[in-house]
1. Among (1) in contact with a Gly (Cβ under 9 Å, 6 or more places away or on another chain); (2) of a type outside the set (D, E, K, R); (3) surrounded by fewer than 20 Cβ atoms within 10 Å (Cβ to Cβ); (4) not in a loop (DSSP other than H, G, I, E, B), which single condition is residue 234 missing?
2. Would you confirm whether or not segment 108-124 contains a residue that is under 19 Å from residue 80 (Cα atoms) and over 17 Å from the mean Cα position of the chain (by Cα)?
3. Can you tell me which of 163, 137 is assigned to a loop (DSSP other than H, G, I, E, B), surrounded by fewer than 22 Cβ atoms within 10 Å (Cβ to Cβ) and not β-branched (Val, Ile, Thr)?
4. I'd like to know if segment 244-253 contains one or more residues that are farther than 30 Å from residue 349 by Cβ and assigned to a loop (DSSP other than H, G, I, E, B).
5. How many residues does segment 97-134 hold that are exposed (fewer than 14 other Cβ atoms within 10 Å of the Cβ), hydroxyl-bearing (Ser, Thr, Tyr) and part of a helix (DSSP H, G or I)?
6. Which is within 23 Å of residue 127 (Cβ to Cβ) and in contact with a Ser or Thr (Cβ under 9 Å, 6 or more places away or on another chain), of 64, 57?
7. In segment 330-352, which residues are in contact with a Leu (Cβ under 9 Å, 6 or more places away or on another chain) and either surrounded by 18 or more Cβ atoms within 10 Å (Cβ to Cβ) or within 19 Å of residue 283 (Cα to Cα) (or both)?
8. For residue 88, are the conditions met, namely being in contact with a Leu (Cβ under 7 Å, 6 or more places away or on another chain) and either in a loop (DSSP other than H, G, I, E, B) or surrounded by fewer than 16 Cβ atoms within 10 Å (Cβ to Cβ) (or both)?
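Here, each number is a calculation from the coordinates, and none is a lab measurement. For clarity, every value in this text was computed on a predicted model and none was experimentally measured. Cβ placement follows ideal geometry from the backbone for every residue including glycine, while neighbour counts extend to all protein chains displayed.
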Amino acid sequence: MLFKKPEKAFAKLQYSLALIILAVLFLHCTSQNKKDAADFFLKANQALTQKNYAEAIRLYDEAISKNADFSDAYLNKGITLLKMGKAEEAYEILAEATRIDPTLVQANLVKSEAALQLGRLTDAVEHLKAIEKEYKDSARFFLIKGDVLAAQGNDVAAISDYDKTISLEKDNVEAYVNRGALYYRMRSYPAAKADFENALALDAAHPQALNNLGLILSREKNWNAALACFDKVLDRQPDDAFALNNKGYVLLNTGLADKGKALIERSLEKLPANGYALRNLGIYYSQKNEFGEALKYYSKAIEIAEPVEMLYGLTGNAYFGLKQLPEACRIWKQGIVLKDALATELAAQYCQ
């Protein structure tokens, strides 16, 4: 009986030592997991820099499996998914990053970009508002904000934000390209041309800048220069739907209509809902005096309900070719409302 009490004390001591050992082991494992997570994270960042996106995703997932609260790993995984064109997945991952760390303002910036790509403009605006103080001197912030405003149709405000982007970062190619696209939409062609030329001075192979500059050169009927722009894109990206269609349009206007048609059809295989490509096929058939066939393509372009230059003028002209003047005038009058210059000209000439 004399030894029972000490036995209990000894048992308690053994139990305490076991808990201490377990705690030490747990801390060691936790520390090791975080170290492993950091190693995977750094390797993933390197893969991302090298544009090896699939490998970057795999490594970020490894990092997250080692440390489920690794907010930066979620952030960079979201960035990678966005670069892969997986905006929906990116948005979900970025939402998890901000859930883990609400102070991770960069995740909100990238989330706004993902929301923009998904057409969720209200969400994009909210994410930007949440971080506008922290990013008051960020070129990237004003670029994305400009993109959101442009998507909302607020062109003047968007241009102001692109101006701010360029004032903060003189060599921001995307700001020049996006501002130029808005100037083009606003029919301010000299300003648009200057922006595309500035973008190409910074990145001579930029596909959007080349395509857009080529469009302006096409408007100027500077066909050789326009063709050179589109060929530069196609040399690097032979299946670029926009360059295929734009080059096809040049060929329609330079005596190589059948070759142009083949390129436009290839473009439509890649991008079936391209109103400009549908219009250009209509032009091809109009050139052949096959006005009924031309109307099929013009009508499809109109159904898409996106702005396409000269579309209503050309559509009315096809009806005119079929000797259906009342229908031609009806279409031209719709074009006047939509500021279609060709429709306005033809309506004034043929419609009372």
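1. Among (1) in contact with a Gly (Cβ under 9 Å, 6 or more places away or on another chain); (2) of a type outside the set (D, E, K, R); (3) surrounded by fewer than 20 Cβ atoms within 10 Å (Cβ to Cβ); (4) not in a loop (DSSP other than H, G, I, E, B), residue 234 violates only (1).
2. yes
3. 137
4. So far as segment 244-253 goes, no, none of its residues is farther than 30 Å from residue 349 by Cβ and assigned to a loop (DSSP other than H, G, I, E, B).
5. Residues meeting the conditions: 1.
6. Unique residue meeting the criteria: 57.
7. Hits for segment 330-352 are 332, 335, 340, 342, 343.
8. yes
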